[in-house]
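Below is one structure, written out as structure tokens; the observations come after it.
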Amino acid sequence: METINQRALFDSAAQHMNHDRALFDQKPDCLVHYYRWPIPSVTYTYKQALPEDLAPIDHAQRYTGGGMVFHCPGDIVVCYVAALDHSDFPKKLKDKVVVAQRHIAAALTDCGVSAQVNPNPGPRNLMFCQAYHSPYELYYQGDKIVALSLRCNRTHFMIQGIIHMQPTHHWFDLPSAYSPVSVSGLPQVDSDAVLARLWR
């Protein structure tokens with residue numbers, strides 16, 4: 001498995017999402033990227049359309065599923081692309097996501113953050129990542145701080161994800177309809193330290 005960070009020159013959601021899709025199309029044996037998000041942006045699943053009231057915000061469609069995600073500058077974003085039969089991952093798709101989840105959880109634990117799987121599903125709103133439960137995502141003090149989504153074809157899979165390091169309301173002036181899906185993030189945690197542990 002090769003873990004790299006080469007996103008410094010990308011400055012829009014579209015550039016990042018296009019790069020992830022290009023990686024997937026190249027069918028590498030296994031590549032894992034962890035990187036800082038550059039500007040306030042929205043990404044949304046390939047099954048969604050962007051609401052008109054969010055159009056002024058930098059935005060892009062993701063190749064993977066899940067709901068709409070608000071990315072703040074300094075959030076850590078994840079991209080795994082690997083062959084379905086790669087020996088570093090279990091055979092079942094859901095277990096491949098667990099590999100990413102556990103690696104991120106261990107990095108956060110090393111930085112003093114005890115993130116947990118949420119055992120209480122609660123109401124579901126598929127429009128927003130923050131508003132529905134996934135057994136593969138991690139919570140801290142009531143917020144979903146790690147979100148992961150998956151897509152695959154006959155030979156490869158892609159996992160895209162985010163670690164919410166920054167509070168949404170510091171970067172977005174959202175309409176009231178979107179305020180319930182904002183997060184507090186982990187602003188007291190050193191993102192350099194988290195990245196260093198993710199890259200090991």
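Looking at segment 67-118, which of its residues are among the hydroxyl-bearing types (Ser, Thr, Tyr) and surrounded by fewer than 21 Cβ atoms within 10 Å (Cβ to Cβ)? The answer is SER87, THR109, SER114.
Mind listing just one residue for me: the one in segment 190-200 that is in contact with a strand residue (DSSP E or B) (Cβ under 9 Å, 6 or more places away or on another chain) and of a type outside the set (S, T, N, Q) and, of those, surrounded by the fewest Cβ atoms within 10 Å (Cβ to Cβ)?
Per the criteria, the residue is ARG200.
Check whether at least one residue in segment 130-150 is touching a Phe, Trp or Tyr at 6+ places or on another chain (Cβ under 9 Å) and at pLDDT below 85, and report yes or no. Yes: one or more hits.
Go through segment 144-173 and give me each residue that's assigned to a strand (DSSP E or B), out of contact with any Leu (no Cβ under 9 Å at 6 or more places or on another chain) and among the charged types (D, E, K, R). Don't jump to the end; show me each part of the working.
Step one: filter segment 144-173 for residues assigned to a strand (DSSP E or B), giving 144-152, 156-163.
Of the ones still in play, those that are also out of contact with any Leu (no Cβ under 9 Å at 6 or more places or on another chain) are 149, 151.
Result: ARG151, single match.
With the requirement that a residue be of a type in the set (A, V, I, L, M) and touching a residue at least 12 places away in the same chain (Cβ under 8 Å), what does segment 54-78 give you? Correct list: LEU54, ILE57, ALA60, MET68, VAL69, ILE76, VAL77, VAL78.
In segment 86-104, the residue that is farthest from the chain's Cα centre (by Cα) out of those that are within 21 Å of LEU195 (Cβ to Cβ) and not β-branched (Val, Ile, Thr) is ASP88. Among the residues that make up segment 167-180, is at least one of them of a type in the set (A, V, I, L, M, F, W, C), surrounded by fewer than 20 Cβ atoms within 10 Å (Cβ to Cβ), under 22 Å from VAL117 (Cα atoms) and out of contact with any Cys (no Cβ under 6 Å at 6 or more places or on another chain)? No: segment 167-180 contains no residue that is of a type in the set (A, V, I, L, M, F, W, C), surrounded by fewer than 20 Cβ atoms within 10 Å (Cβ to Cβ), under 22 Å from VAL117 (Cα atoms) and out of contact with any Cys (no Cβ under 6 Å at 6 or more places or on another chain). When ILE162 is tested against (1) surrounded by 12 or more Cβ atoms within 10 Å (Cβ to Cβ); (2) modelled with pLDDT under 95, only condition (2) is not met. Among the conditions (1) without any contact (Cβ under 8 Å) to a residue 24 or more places away in the chain; (2) closer than 18 Å to ALA177 by Cα, the only one that LYS47 does not satisfy is (2). Among residues belonging to segment 20-66 that are part of a loop (DSSP other than H, G, I, E, B), of a type in the set (Gly, Ala, Ser) and surrounded by fewer than 22 Cβ atoms within 10 Å (Cβ to Cβ), point out the one that is modelled with the lowest pLDDT. Top of the filtered list is GLY65.
Screening LEU9 against (1) at pLDDT below 95; (2) closer than 19 Å to CYS152 by Cα leaves a single unmet condition, (2). If you filter segment 174-192 down to residues that are part of a helix (DSSP H, G or I) and modelled with pLDDT of 85 or more, you find that the one that is nearest to the chain's Cα centre (by Cα) is SER191.
The values are calculated or read from the model by the stated rules, or taken from the named source; none is laboratory data. Predicted model only: the values in this text are computed from it and were never measured. We place every Cβ from the backbone using ideal geometry, glycine too, and count neighbours over all the protein chains shown.
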